[in-house]
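Engineer: Take this structure first; my questions come after.
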Amino acid sequence: MYLKKTYRKESGRTYLVIAQKYRNPETNVSTDRTVKSLGYLDELEKEYDNPIAHFKEVARKMTEEENAKKKLTLTINMNEQLAQGTDDRKNFGYAAILKIYHELGLHRFFNNRARNENFKFNTNSIMMLLVVSRLLSPGSKKKAFEEKGRYFERFGFSLADMYRALSHYAEISKEFQRYLHGQITEKYGRDTKTIYYDVTNFYFEIDEADELRKYGPSKEKRPNPIVQMGLAMDADGIPLHYELFPGNKLDKETFRSVIGEVRKNYDTGRVVVVADMGIITGDNIYYLTGGKNRNGYVFSFSVRGGANAFKSFVLDNNGYVGKDGKPAGEDAEFKIKSRRIARDINVTTKNGKTVKKTVYEKQVVFWAKKYADKARAERAEVVKKALDLVADPKKYNKAITYGAAKYVKHLEFDKETGEILEGKQHPCFDSDKLAQDEKYDGYYAIVTSELQMSDDEIIDTYRGLWEIEETFRVTKGTLEARPVYVSREDRIGAHFLTCFIALAIIRLIQKKTDRCYSVEKIVECLNKIACSNEQDNLYLFDYRSDISDAIGNALRIDFTRKRLRLSEIKNILANSKK
């Protein structure tokens, strides 16, 4: 602290204050703040012989007193034992999660929606615990409740309250997603000109299917009933909207429901939707571009499943150029070409009939040696198995010939047992089939309505789809969204809403830290920002890293202190909720 003199022109007098240097945690700007106002110098001279010298000494003593308060002498008994059942370690990294949670105004949403309900428990408090636990210690709702003591919060609700709240969350899920979109757009900005869409599924460890959890093609090749999730994501990789579907719902059949909700209620303007070939159907393309709709698409397109004319275009080396823009030679490791074309698609009318519609699109085809090598390496084991199958068919049955059987001719199975039957002709390797598949190794195709986009822009736009695939990996892995430990449909819906919120928050932390760190690294860091009760209300911290500094600087939370009093911890947490 120091004596600050300010000359005031309007009165021609000097005003004295005791001031202190201060760094504003919100703006990170250093400034002065007044600790004590003293008065005008001419008035103080009537009371003190030398007010300047006097108050400089006062400021010096105030500094000494403040510094003394920062020092604490601890008396430690080296023979002291821990009491039975002691578990004093607390997490403090969750302050970062609360910061984003409250910046988005999620507390206001949940408090407002519960205002006219009959239940007494605090739905915002419950959701806070569910989201924090989903990020830092994922598991069942029961586990989240049992571990609530690891945080500096007063969670005044029961486990039964937590389960009851799930029904409420399910009812307001769609409304909440719209609210969250508005908040993210307002507080962080959002790029929705390009929207990425994909579908995944989550398995349930149950024996019988029901209306939602049905048997279908599991992404993880598991035999359990599944639930499908369609997810739309913005250009920054932040989730936009999701919906759940029965497990037997085809990926392509989920598209219009999710994208339709975004188009109608998210005020996005014209969008270009990016998706893989599992979504591309005439109905979905026409839904985006037909009639009065003027939206666009960038979809991957099956080379092997394309029409003969398209395959001929792909395999014709004319028109391909390398990375340098020059015609690609036979030894090129990468080549690309494109064309604009009118293509007929089949569209289902309202009365169920199929009609042909013409779309004008750009088709981009590229080939990369590394992709071709990768495809052949992955196929090598299948070919090896097929050759072994030909050599000794009795070792195999239908269940274990998957993949290899496509390269074996004259293969017959018993319809009941699945055993390989001895036919008139001995099974033989289908080299023609192998050669046909190898022709297309390394080739990829993308089709788009955006005729003016360059080939490189189209490929770069499509490559953004990996972020939604990585999002699903994070959801299933880091957030442990599956297996799901609830069984009622409304509670399943609430479970995925919690995962959605947690995912949005961790993506925003990534955005605030300039995408320098993976979700896994951020979660690991927040878990390590923890402390133990050292003595009385004093807590000792033992972790600091570049990541914790980056998160702290981005969110204006001080994670650098080695010791904090409980009152200081509560003050930091209170500020994170403003």
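The values are calculated or read from the model by the stated rules, or taken from the named source; none is laboratory data. Here the structure is a predicted model, which is why all the values come from computation and not from measurement. Note that we place each Cβ from the backbone using ideal geometry, even for glycine, and neighbour counts take in every protein chain shown. Areas reflect the complete protein model, heavy atoms only, side chains present, ligands, DNA and RNA absent. Shrake-Rupley method; radii C 1.70, N 1.55, O 1.52, S 1.80 Å.
Engineer: Restricting attention to region 495-543, which residues are farther than 30 Å from Arg565 by Cβ and in contact with a Ser or Thr (Cβ under 7 Å, 6 or more places away or on another chain)?
Structural biologist: Result: Leu497, Cys499, Leu503, Val519, Glu520.
Engineer: Another one. How about region 116-153: which of its residues are part of a loop (DSSP other than H, G, I, E, B) and within 18 Å of Leu526 (Cβ to Cβ)? It would help to see each step written out before you state the result.
Structural biologist: As a first pass, look at region 116-153 and keep what is part of a loop (DSSP other than H, G, I, E, B): 116-122, 137-140, 147, 151-153.
Selection gives Ser137, Pro138, Gly139, Glu147, Tyr151, Phe152, Glu153.
Engineer: Residues of region 304-352 being open to solvent by 60 Å² or more (accessible area, probe 1.4 Å), among the hydroxyl-bearing types (Ser, Thr, Tyr) and farther than 27 Å from Lys433 by Cβ, which ones?
Structural biologist: Across region 304-352, the qualifying residue is only Thr348.
Engineer: I'd like to check something: does region 238-246 contain any residue that is out of contact with any helix residue (DSSP H, G or I) (no Cβ under 7 Å at 6 or more places or on another chain), open to solvent by 30 Å² or more (accessible area, probe 1.4 Å) and either within 23 Å of His107 (Cα to Cα) or modelled with pLDDT under 95 (or both)?
Structural biologist: Initially, region 238-246 is screened for residues out of contact with any helix residue (DSSP H, G or I) (no Cβ under 7 Å at 6 or more places or on another chain), giving 246.
After this cut, where a residue has to be open to solvent by 30 Å² or more (accessible area, probe 1.4 Å) as well, the list is 246.
With the extra rule that they be either within 23 Å of His107 (Cα to Cα) or modelled with pLDDT under 95 (or both), the set shrinks to 246.
Yes.
Engineer: If I filter region 195-207 for residues that are surrounded by 22 or more Cβ atoms within 10 Å (Cβ to Cβ), among the charged types (D, E, K, R) and over 30 Å from Ala530 (Cβ atoms), do I get at least one hit?
Structural biologist: For region 195-207, residues surrounded by 22 or more Cβ atoms within 10 Å (Cβ to Cβ), among the charged types (D, E, K, R) and over 30 Å from Ala530 (Cβ atoms): present.
Engineer: Is it the case, given these coordinates, that Thr268 is open to solvent by 30 Å² or more (accessible area, probe 1.4 Å), modelled with pLDDT of 90 or more and of a type in the set (Ser, Thr, Tyr)?
Structural biologist: no
Engineer: Quick check on Glu520: is it more than 30 Å from Ala235 (Cα to Cα) and open to solvent by 30 Å² or more (accessible area, probe 1.4 Å)?
Structural biologist: No; evaluated as a whole, the condition is false for this residue.
Engineer: Please indicate, with yes or no, whether at least one residue in region 210-224 is surrounded by fewer than 16 Cβ atoms within 10 Å (Cβ to Cβ) and under 17 Å from the mean Cα position of the chain (by Cα).
Structural biologist: Looking through region 210-224, none of the residues is surrounded by fewer than 16 Cβ atoms within 10 Å (Cβ to Cβ) and under 17 Å from the mean Cα position of the chain (by Cα).
Engineer: Could we say that Ser257 is closer than 28 Å to Ile100 by Cβ and surrounded by fewer than 22 Cβ atoms within 10 Å (Cβ to Cβ) here?
Structural biologist: No; evaluated as a whole, the condition is false for this residue.
Engineer: Looking for whichever is β-branched (Val, Ile, Thr), within 22 Å of the chain's Cα centre (by Cα) and modelled with pLDDT of 95 or more here; the options are Ile468, Ile509, Ile492, Ile446. Which one fits?
Structural biologist: Step by step, each of Ile468, Ile509, Ile492, Ile446 is checked, and only Ile509 is β-branched (Val, Ile, Thr), within 22 Å of the chain's Cα centre (by Cα) and modelled with pLDDT of 95 or more.
Engineer: Could you please give the count of residues in region 57-112 that are open to solvent by less than 90 Å² (accessible area, probe 1.4 Å), free of Cβ contacts under 8 Å to residues at least 24 places away in the same chain, out of contact with any helix residue (DSSP H, G or I) (no Cβ under 7 Å at 6 or more places or on another chain) and hydrophobic (A, V, I, L, M, F, W, C)?
Structural biologist: Total satisfying the criteria: 2.
Engineer: Which numbered condition trips up Ser487, out of (1) open to solvent by less than 40 Å² (accessible area, probe 1.4 Å); (2) touching an Asp or Glu at 6+ places or on another chain (Cβ under 9 Å); (3) of a type in the set (Ser, Thr, Tyr)?
Structural biologist: (1)
Engineer: On to the next question. Can you pull out every residue in region 523-552 that is of a type in the set (Gly, Ala, Ser) and open to solvent by 20 Å² or more (accessible area, probe 1.4 Å)?
Structural biologist: Answer for region 523-552, where residues must be of a type in the set (Gly, Ala, Ser) and open to solvent by 20 Å² or more (accessible area, probe 1.4 Å): Ser532, Ser545, Ala550.
Engineer: Sticking with this structure for a sec: Since Val35 meets every condition but one in (1) of a type in the set (Val, Ile, Thr); (2) without any contact (Cβ under 8 Å) to a residue 24 or more places away in the chain; (3) open to solvent by 60 Å² or more (accessible area, probe 1.4 Å), which condition does it not meet?
Structural biologist: Of everything listed in (1) of a type in the set (Val, Ile, Thr); (2) without any contact (Cβ under 8 Å) to a residue 24 or more places away in the chain; (3) open to solvent by 60 Å² or more (accessible area, probe 1.4 Å), Val35 misses just condition (2).
Engineer: Could you check how many residues of region 384-409 are crowded, with 16+ Cβ neighbours inside 10 Å and among the aliphatic types (A, V, I, L, M)?
Structural biologist: 6
Engineer: Same structure again: So in region 138-174, with the set limited to residues that are of a type in the set (Gly, Ala, Ser) and surrounded by 17 or more Cβ atoms within 10 Å (Cβ to Cβ), which one is nearest to Lys90 (Cα to Cα)?
Structural biologist: To start, the set of residues in region 138-174 that are of a type in the set (Gly, Ala, Ser) comprises 139-140, 144, 149, 156, 158, 160, 165, 167, 170, 173.
Checking which are surrounded by 17 or more Cβ atoms within 10 Å (Cβ to Cβ) leaves us with 144, 165, 170, 173.
Values: Ala144: 14, Ala165: 26, Ala170: 31, Ser173: 31 Å.
Result: Ala144.
Yes/no matrix, rows are residues, columns are (1) modelled with pLDDT under 90; (2) among the small types (Gly, Ala, Ser); (3) under 41 Å from the mean Cα position of the chain (by Cα); (4) over 28 Å from Tyr462 (Cβ atoms):
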position	(1), (2), (3), (4)
Ala328	no, yes, yes, no
Asp344	no, no, yes, no
Thr348	no, no, yes, no
Lys356	no, no, yes, no
Val359	no, no, yes, no
Val364	no, no, yes, no
Ile400	yes, no, yes, yes
Gly403	yes, yes, yes, no
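Engineer: Taking region 553-571 as the search range and keeping residues that are assigned to a loop (DSSP other than H, G, I, E, B) and open to solvent by less than 20 Å² (accessible area, probe 1.4 Å), which one is farthest from Leu538 (Cα to Cα)?
Structural biologist: Ile557
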